[in-house]
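Data first, discussion second: the structure below is written as structure tokens.
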Amino acid sequence: MSQHPDTQTTDTTDTTDTTDTTDTTDTTDTTEDSSKRLRIVNTFMKRRTHMNKKAELALTSPEFTQYIVNNSSGDGDLQGITDLRALFDDTANGPNAPLTLEIGFGLGDSLIEMAIADPARNFVGVEVHEPGIGKCAYMAGTQGLSNIKIINGDAIKLLQQLPENHLDRIQLFFPDPWQKKRHHKRRFVSPERMAIVTRSLKPGGWFHTATDWEHYAFWMLKVLDLMPNLKNQAGTGNFAVRPDFRPMTKFERRGIERGHGVWDLIYIKQ
Ligand SMILES: C[S@@+](CC[C@H](N)C(=O)[O-])C[C@H]1O[C@@H](n2cnc3c(N)ncnc32)[C@H](O)[C@@H]1O
């Protein structure tokens, strides 16, 4: 995790669509370039940032391998990861415990704190940022957690290969707000991406998101209120009261320090 992509000046490893120059409110996850080739529009930009010693240790030492499901470096190979419940077959909770997927956990603060606070629930985190994957695995190992697994890769691709009605909760805390209008199509919360998210939730399951970016908060409210099989827990047009169980993350803390508000949104699959 480093600077937010919208404010970042160096981008060393980006393999995504950075050449886009047209303003658009398109929310699909593909776009056509000038040669009419279809390109994937990612919700993230991979960056090379400092890896601290603890994160590096967790990515290389055998005692942490139980936490990291696939290759921890480079682009995550998601092949064969089609059942997140099965990842817990040999754990104390087993595969049938309630299951939460956290998308874009960053450094893992919220994921680890929630896994400690709710030991009977299983947690899977998916992230593309290697130092964050390492830091999260390190914290899981030092806490001796058995209810957490970490996946390196694009959450959208992962969700597309999971069964329908698979997850009890999906959480997305402080997603990149992609402030510029021409980048809005990269926002994680879009009708197309939310259809993919909703498909893998069980009926009665939750989608919980939070942001400190006001424009994105109202964008999310509009997109999510219109999703046919999601019901706003706070009532249409309303934000949720910040729940006690959502830990403070680095991005939330930074937003508050800058004088931003924080908006929570919780939706239940019908
Ligand atoms: C602004 S950071 C917030 C991190 C953390 N949730 C927090 O509150 O501190 C957004 C994170 O989402 C990750 N991300 C964005 N799109 C993703 C995707 N499609 N799959 C996995 N991770 C993604 C980014 O790598 C980044 O670490």
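Computed quantities for the displayed model
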| quantity | calculated |
| --- | --- |
| Size of charge dipole - the chain - debye, nearest 20, with Cβ of Lys, Arg +1 and Asp, Glu -1, no other charges | 340 |
| Helical segments meeting 18 Å axial Cα length and Kyte-Doolittle -1.0 threshold in the chain (DSSP H) | 130-143 |
| Whether segment 132-192 is rounded, prolate or oblate, judged on the alpha carbon gyration tensor where a/c under 1.5 counts as rounded | oblate |
| The chain: C-alpha gyration tensor shape, a/c 1.5 cut-off, then a/b vs b/c | rounded |
| Computed [θ] at 222 nm, deg cm²/dmol, the chain (DSSP H ≥ 4; -39,500 (n - 2.57); rounded to nearest 500) | -7000 deg cm²/dmol |
| Once exposed loop trypsin sites (Lys or Arg not before Pro) are cut out (DSSP; at most 14 other Cβ, 10 Å), longest piece of the chain | 49-179 |
| Unit charges on C-beta of K, R, D, E only; dipole of segment 78-141, Debye | 40 |
| Cα shape, segment 83-173, gyration tensor, a/c 1.5 rule | oblate |
| Proximal lysines relative to LYS202, as straight alpha-carbon distance under 22 Å, when same-chain residues fewer than 8 apart are discounted | LYS149, LYS157, LYS231, LYS269 |
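Values in this text are rule-based calculations from the coordinates and carry no lab data. Just so it is clear, the structure is predicted and the values come from calculations on it, not from any experiment. As a convention, Cβ positions derive from the backbone with ideal geometry for all residues, glycine included, and neighbour counts pool all protein chains shown.
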